[in-house]
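The values are calculated or read from the model by the stated rules, or taken from the named source; none is laboratory data. Since this is a predicted model, take the numbers as computed values, not measurements. Counting neighbours? That spans all protein chains shown, and the Cβs are built from the backbone with ideal geometry, glycine included.
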Amino acid sequence: MGRVATTTLRQASPDELALRDKRWKFFRIVFSAVYAGIVLDVITTAMGYAKAGAKYEQNPFGVSLIGHLGWIGMLLLLTALCLVCYHSVRVVYRRMSVRWSRLINGLMVALAAFRWLAVVTAVLYLLQPGK
(Lines give C-alpha, C1' and ligand atoms only; values in the text may rest on other atoms or scores of the structure.)
Protein backbone atom coordinates (compact mmCIF):
# COMPACT_ATOMS: atom_id res chain seq x y z
CA MET A 1 0.00 0.00 0.00
CA GLY A 2 1.15 3.51 -0.73
CA ARG A 3 1.81 6.00 2.01
CA VAL A 4 -0.35 9.06 2.30
CA ALA A 5 1.76 12.18 2.28
CA THR A 6 1.29 14.14 5.48
CA THR A 7 2.97 17.32 6.57
CA THR A 8 2.71 18.87 9.97
CA LEU A 9 2.66 22.63 10.08
CA ARG A 10 5.97 22.62 11.98
CA GLN A 11 7.69 20.94 9.01
CA ALA A 12 6.11 23.10 6.32
CA SER A 13 8.11 25.80 4.56
CA PRO A 14 6.90 29.42 4.66
CA ASP A 15 5.84 29.13 1.00
CA GLU A 16 3.80 26.01 1.74
CA LEU A 17 2.19 27.67 4.76
CA ALA A 18 1.22 30.64 2.59
CA LEU A 19 -0.24 28.29 -0.04
CA ARG A 20 -2.20 26.39 2.60
CA ASP A 21 -3.56 29.64 4.00
CA LYS A 22 -4.53 30.91 0.54
CA ARG A 23 -6.32 27.67 -0.34
CA TRP A 24 -8.06 27.56 3.05
CA LYS A 25 -9.39 31.10 2.54
CA PHE A 26 -10.65 30.11 -0.92
CA PHE A 27 -12.29 26.99 0.54
CA ARG A 28 -14.12 29.06 3.17
CA ILE A 29 -15.54 31.35 0.47
CA VAL A 30 -16.65 28.46 -1.74
CA PHE A 31 -17.97 26.54 1.27
CA SER A 32 -20.12 29.55 2.16
CA ALA A 33 -21.53 29.53 -1.36
CA VAL A 34 -22.23 25.79 -1.10
CA TYR A 35 -23.96 26.15 2.25
CA ALA A 36 -26.03 29.11 1.04
CA GLY A 37 -27.01 27.04 -2.00
CA ILE A 38 -28.06 24.15 0.25
CA VAL A 39 -30.20 26.42 2.43
CA LEU A 40 -31.80 28.09 -0.58
CA ASP A 41 -32.39 24.70 -2.19
CA VAL A 42 -34.29 23.53 0.90
CA ILE A 43 -36.32 26.75 0.91
CA THR A 44 -37.15 26.58 -2.80
CA THR A 45 -37.99 22.88 -2.49
CA ALA A 46 -40.44 23.73 0.31
CA MET A 47 -41.97 26.38 -1.92
CA GLY A 48 -42.15 23.91 -4.82
CA TYR A 49 -43.88 21.42 -2.53
CA ALA A 50 -46.39 24.09 -1.61
CA LYS A 51 -47.02 24.80 -5.29
CA ALA A 52 -47.01 21.31 -6.81
CA GLY A 53 -47.19 18.84 -3.94
CA ALA A 54 -44.89 15.87 -3.30
CA LYS A 55 -44.44 15.25 -7.04
CA TYR A 56 -42.17 18.33 -7.08
CA GLU A 57 -39.30 16.41 -5.44
CA GLN A 58 -37.88 13.82 -7.84
CA ASN A 59 -35.44 12.25 -5.37
CA PRO A 60 -37.05 9.47 -3.29
CA PHE A 61 -34.43 9.90 -0.58
CA GLY A 62 -35.26 13.60 -0.37
CA VAL A 63 -38.97 12.81 -0.13
CA SER A 64 -38.25 10.36 2.69
CA LEU A 65 -36.13 12.91 4.58
CA ILE A 66 -38.78 15.59 4.20
CA GLY A 67 -41.50 13.19 5.32
CA HIS A 68 -39.63 11.97 8.39
CA LEU A 69 -37.74 15.07 9.49
CA GLY A 70 -39.81 17.95 8.18
CA TRP A 71 -38.30 21.05 6.64
CA ILE A 72 -36.61 22.34 9.79
CA GLY A 73 -35.26 18.88 10.66
CA MET A 74 -33.89 18.46 7.16
CA LEU A 75 -32.21 21.86 7.31
CA LEU A 76 -30.72 21.02 10.73
CA LEU A 77 -29.44 17.66 9.46
CA LEU A 78 -27.84 19.28 6.41
CA THR A 79 -26.31 21.97 8.61
CA ALA A 80 -24.82 19.32 10.91
CA LEU A 81 -23.40 17.45 7.92
CA CYS A 82 -21.92 20.69 6.57
CA LEU A 83 -20.26 21.38 9.94
CA VAL A 84 -18.72 17.90 9.94
CA CYS A 85 -17.50 18.46 6.39
CA TYR A 86 -16.04 21.87 7.28
CA HIS A 87 -14.09 20.58 10.26
CA SER A 88 -12.93 17.46 8.42
CA VAL A 89 -11.61 19.51 5.53
CA ARG A 90 -9.90 21.82 8.00
CA VAL A 91 -7.95 18.85 9.34
CA VAL A 92 -7.06 17.74 5.82
CA TYR A 93 -5.81 21.23 4.92
CA ARG A 94 -3.59 21.34 7.99
CA ARG A 95 -2.12 17.85 7.86
CA MET A 96 -2.28 16.37 4.37
CA SER A 97 -0.35 17.18 1.24
CA VAL A 98 -1.27 20.51 -0.39
CA ARG A 99 -2.35 18.53 -3.46
CA TRP A 100 -5.42 17.48 -1.50
CA SER A 101 -6.46 21.10 -1.03
CA ARG A 102 -6.42 21.67 -4.79
CA LEU A 103 -8.61 18.61 -5.34
CA ILE A 104 -11.03 19.56 -2.57
CA ASN A 105 -11.32 23.15 -3.80
CA GLY A 106 -12.09 21.95 -7.31
CA LEU A 107 -14.76 19.58 -6.03
CA MET A 108 -16.28 22.33 -3.89
CA VAL A 109 -16.48 24.70 -6.88
CA ALA A 110 -18.30 21.98 -8.84
CA LEU A 111 -20.62 21.34 -5.89
CA ALA A 112 -21.37 25.06 -5.51
CA ALA A 113 -22.19 25.32 -9.22
CA PHE A 114 -24.50 22.30 -8.98
CA ARG A 115 -26.30 23.62 -5.87
CA TRP A 116 -26.80 27.06 -7.38
CA LEU A 117 -28.02 25.55 -10.66
CA ALA A 118 -30.64 23.68 -8.62
CA VAL A 119 -31.64 26.92 -6.88
CA VAL A 120 -31.88 28.90 -10.12
CA THR A 121 -33.97 26.22 -11.84
CA ALA A 122 -36.26 25.99 -8.79
CA VAL A 123 -36.76 29.76 -8.77
CA LEU A 124 -37.54 29.69 -12.52
CA TYR A 125 -40.10 26.95 -11.87
CA LEU A 126 -41.64 28.90 -9.00
CA LEU A 127 -41.94 32.03 -11.14
CA GLN A 128 -44.08 30.22 -13.72
CA PRO A 129 -47.77 31.02 -13.53
CA GLY A 130 -49.75 28.53 -11.41
CA LYS A 131 -51.76 25.80 -13.06
Test result for R115, under 19 Å from the mean Cα position of the chain (by Cα), in contact (Cβ under 8 Å) with a residue 60 or more places away in the chain and more than 30 Å from D15 (Cβ to Cβ): yes
Complete set of residues in segment 46-55 that are free of Cβ contacts under 8 Å to residues at least 40 places away in the same chain and either surrounded by 14 or more Cβ atoms within 10 Å (Cβ to Cβ) or among the acidic types (D, E) (or both): A46, Y49, A52
Test result for R90, closer than 18 Å to S32 by Cβ, assigned to a helix (DSSP H, G or I) and not polar (S, T, N, Q): yes
Test: G70 is of a type outside the set (S, T, Y) and either modelled with pLDDT under 90 or at positive phi (or both): yes
Among (1) touching a Lys or Arg at 6+ places or on another chain (Cβ under 9 Å); (2) without any contact (Cβ under 8 Å) to a residue 24 or more places away in the chain, the one test that F61 misses: (1)
Any hit, segment 21-38, residues being within 13 Å of the chain's Cα centre (by Cα), loosely packed, with under 14 Cβ neighbours inside 10 Å, small (G, A, S) and in a helix (DSSP H, G or I): yes
Leading residue by the ranking (surrounded by the most Cβ atoms within 10 Å (Cβ to Cβ)) among those in segment 102-131 that are closer than 19 Å to M47 by Cβ and of a type in the set (D, E, K, R): R115
Out of D41, D15, sole residue that is among the charged types (D, E, K, R) and loosely packed, with under 12 Cβ neighbours inside 10 Å: D15
Restricting segment 68-101 to residues that are aliphatic (A, V, I, L, M) and out of contact with any helix residue (DSSP H, G or I) (no Cβ under 7 Å at 6 or more places or on another chain), the residue that is surrounded by the most Cβ atoms within 10 Å (Cβ to Cβ): M96
Exclusive hit being among the aliphatic types (A, V, I, L, M), modelled with pLDDT under 95, within 16 Å of S32 (Cβ to Cβ) and in a helix (DSSP H, G or I), set L126, L78: L78
Flag for V34 being over 30 Å from L126 (Cβ atoms) and at pLDDT 95 or above: no
Filtered residues of segment 83-119 (kept if closer than 20 Å to E57 by Cβ, of a type in the set (A, V, I, L, M, F, W, C) and out of contact with any Ser or Thr (no Cβ under 9 Å at 6 or more places or on another chain)): L111, F114, W116, L117
